[in-house]
Amino acid sequence: MNNSGKTTPDERCCIVNLLDLGWSIRKIVKYINRNDYTISREVRRNFINGKYLTHIVNEIYKNNKMNCVSEGKLYNYEVKNIDNLFC
């Protein structure tokens, strides 16, 4: 069982296909071997216009991942003092 709490793109495709086949959340959980809360949260958060659309979810995930930038103290120091590094 994957304990990360985040579903992979492959798992999302599997979820959408199984939901389209009429599978329950419990049955999907057993099939893909994930926590029931993880799958129900995934479906609940990403239900758009009455349907779980995996391609939209994957795009949202990619955009969020690209926009997530850690700016620690070292990063801020280097950016502010970049001119001093090359003198």
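The values are calculated or read from the model by the stated rules, or taken from the named source; none is laboratory data. None of these values were measured; they are calculated from a predicted model. Please note: Cβ atoms are built from the backbone with ideal geometry, for glycine as well, and neighbour counts cover all protein chains shown.
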Are any of the residues in the range 36-55 among the polar types (S, T, N, Q) and modelled with pLDDT under 75?
yes
Given the structure, is Tyr61 assigned to a helix (DSSP H, G or I) and closer than 10 Å to Thr7 by Cβ?
yes
Residue pairs, Cβ under 7 Å, 6 or more apart or interchain, first in the range 33-52 and part of a helix (DSSP H, G or I), second exposed (fewer than 13 other Cβ atoms within 10 Å of the Cβ). List them.
Asp36/Arg26; Thr38/Gly5
Scope the range 2-32; condition within 14 Å of the chain's Cα centre (by Cα) and not in a helix (DSSP H, G or I); matching residues
Asn2, Asn3, Ser4, Gly5, Lys6, Thr7, Thr8
